[in-house]
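The values are calculated or read from the model by the stated rules, or taken from the named source; none is laboratory data. These figures come from a predicted structure and were not determined experimentally. Backbone-built Cβ (ideal geometry, glycine too); neighbour counts: all protein chains shown.
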């Protein structure tokens, strides 16, 4: 279907302009010297300097990174286990409940997830802070990891594992030496997804964070409520830059892997 | 070993997903109290059987009755549904032509175009919503542009209205609409269109008779992927919407944090879930049918 009509070209141009112009404006105006965010007052990087001197912001960024790292790592371990159990381990008692609990958090509104976890932490008397945010983020992102990993597990042949078991590997060895290398790309993208979900989350973190721990989205939200600020524009630009570099690198690496595998397969065949 | 593999994630979800859910249900049946935690009764197991019986006898549906008697709540549910439906239709109208254009683009462009759709999805949701505050405000970029071109002579009020909420939803959820539609259109056999045209269909007829029915599974999936999260949306109405923008996610948040009425907030959450079950079940069924059709 490669017949681009004028209509197609116009709709593609408008569609991508709509997706990218707002972010472009943010980036450009983060270099604005003026305090007035919608009036151009010359080029300046002063808001980046202000941002680096804003200790509350730096603290929040640090808390966010810690939470994202621990919750995505935990979620990757738990989510991979859950995917393996659901795809490979046939029937067991409570399987329906288990798969229901894996899929439900994906469609659960964030306000409800946040509310219910907060009520749990209060009921068991757990002080709200970094730990509670990590627990909350792990719970919803493990479900995303499990979906990503199980789609990979479904598509590969379990006879490879059986062969390893027949040849005397223990189930753990078979998993580590055969299954894990094959599903590794899915596990890594699951981890990345969990990491970004955690970095991004405002609603669940607002419910489960105590006064002792503020994450970056909570900080951004409370300052954005008062209106646009050039400092937040600078922060947004940094985040957009990191995400763009990260996503482009990941796609180039995975493209190389695919070409290498295709070449190896071509040679072997 | 095997027990550990099943047990650890199972117990995790049981404790951090199902139990909290039970607590919400329980608190929604409780009464508000001036205490910490601010609801009553609390389960006291030290009193044994009598304590448990007393606990259950003091639960009632009072909060749910309250929700039906105050029009704030049912108006909020209705307006959430209305906003979610209109926003989903708008997203479809914007997303379909883009997905269609992508599917017709030369094959070597497609990975790059796909990348351009996925990239915003990885960028912070909050920042993407925030970007629109500067654009839509009275002295914002859109008004500056329209005044400069002379289309309008006075700035429009868009920020803090429902229009701004629609724009925000279309913008942030657009990738969810484009990706499934593109996936179905890309798989479509181009020779079908040629056959139709050979048999005397005009291009327009071929589009409506062949492309649209074949794209249906992707369209349905995209619509649900936008509709379901939009219904409980909090960030967009609270940043772009005005004081008269009623959405249930915002009402729940305010009930909990500002009014500190936990029992009512919990009841609001339970009703929202009951409403969500319908689209979720329909979505699951659509995905199941698609999967079977592929095999």
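Annotations
- Any hit, the stretch A:119-128, residues being within 11 Å of another protein chain (Cβ to nearest Cβ), touching a residue at least 60 places away in the same chain (Cβ under 8 Å) and more than 24 Å from residue A:149 (Cβ to Cβ): yes
- Candidate set: the stretch A:232-256, residues that are crowded, with 20+ Cβ neighbours inside 10 Å and more than 19 Å from the chain's Cα centre (by Cα); chosen: the one farthest from the other protein chains (Cβ to nearest Cβ): A:234
- Any hit, the stretch B:152-166, residues being assigned by TED's automatic domain parsing to the domain that holds residue B:239, assigned to a helix (DSSP H, G or I) and closer than 30 Å to residue B:213 by Cα: yes
- Residue among B:179, B:142, B:126 that is under 26 Å from residue B:82 (Cβ atoms), under 18 Å from the mean Cα position of the chain (by Cα), surrounded by fewer than 21 Cβ atoms within 10 Å (Cβ to Cβ) and touching a residue at least 12 places away in the same chain (Cβ under 8 Å): B:179
- Answer from A:206, A:212 - the residue that is crowded, with 20+ Cβ neighbours inside 10 Å, under 30 Å from residue A:121 (Cα atoms) and out of contact with any strand residue (DSSP E or B) (no Cβ under 8 Å at 6 or more places or on another chain): A:206
- Selection of the stretch B:70-104 for residues being under 21 Å from residue B:220 (Cβ atoms) and free of Cβ contacts under 8 Å to residues at least 24 places away in the same chain yields B:82, B:89, B:93, B:97, B:101.
- Matching residues, the stretch B:120-144, being out of contact with any helix residue (DSSP H, G or I) (no Cβ under 6 Å at 6 or more places or on another chain) and modelled with pLDDT under 90: B:134, B:137, B:138, B:139, B:143, B:144
- For the stretch A:42-63, the criterion of being modelled with pLDDT of 90 or more, at the interface with another protein chain (Cβ under 8 Å from one of its Cβ atoms) and part of a helix (DSSP H, G or I) is met by no residue.
- Check on residue B:73, at pLDDT below 90, outside any strand (DSSP E or B) and buried (at least 20 other Cβ atoms within 10 Å of the Cβ): yes
- Top-ranked residue of the stretch B:131-150 - restricted to ones that are outside any helix (DSSP H, G or I) and more than 19 Å from residue B:162 (Cβ to Cβ), ranked as farthest from the other protein chains (Cβ to nearest Cβ): B:150
- For residue B:262, the conditions (1) in contact (Cβ under 8 Å) with a residue 24 or more places away in the chain; (2) closer than 22 Å to residue A:219 by Cβ; (3) buried (at least 22 other Cβ atoms within 10 Å of the Cβ) all hold with the exception of (2).
- Residues in the stretch A:16-37 that are within 15 Å of residue A:224 (Cβ to Cβ) and touching a residue at least 60 places away in the same chain (Cβ under 8 Å): A:26, A:29, A:30, A:37.
Per-residue answers, yes or no, for (1) crowded, with 23+ Cβ neighbours inside 10 Å; (2) more than 24 Å from residue B:265 (Cα to Cα); (3) within 13 Å of another protein chain (Cβ to nearest Cβ):
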| site | (1), (2), (3) |
| --- | --- |
| B:202 | no, yes, no |
| B:207 | no, yes, yes |
| B:210 | no, yes, yes |
| B:213 | no, yes, no |
| B:218 | yes, yes, no |
| B:226 | yes, yes, yes |
| B:232 | yes, no, yes |
| B:240 | yes, no, yes |
| B:245 | no, no, no |
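- Positions within the stretch A:165-176 being assigned to a helix (DSSP H, G or I) and under 17 Å from residue B:5 (Cβ atoms), in sequence order: A:165, A:171, A:172, A:173, A:174, A:175, A:176
- Any hit, the stretch B:6-17, residues being closer than 27 Å to residue A:104 by Cα, at pLDDT below 85 and in a helix (DSSP H, G or I): yes
- Flag if residue A:152 is under 29 Å from the mean Cα position of the chain (by Cα), loosely packed, with under 14 Cβ neighbours inside 10 Å and in a helix (DSSP H, G or I): no
- As a summary of the residue check, residue B:106 satisfies the conditions (1) crowded, with 19+ Cβ neighbours inside 10 Å; (2) at pLDDT below 95 except for the one numbered (1).
- Single match in A:227, A:210 (criterion: part of a loop (DSSP other than H, G, I, E, B), within 29 Å of residue A:111 (Cα to Cα) and within 12 Å of chain B (Cβ to nearest Cβ)): A:227
- Among the residues listed as B:106, B:120, the single one being in a loop (DSSP other than H, G, I, E, B) and within 7 Å of chain A (Cβ to nearest Cβ): B:106
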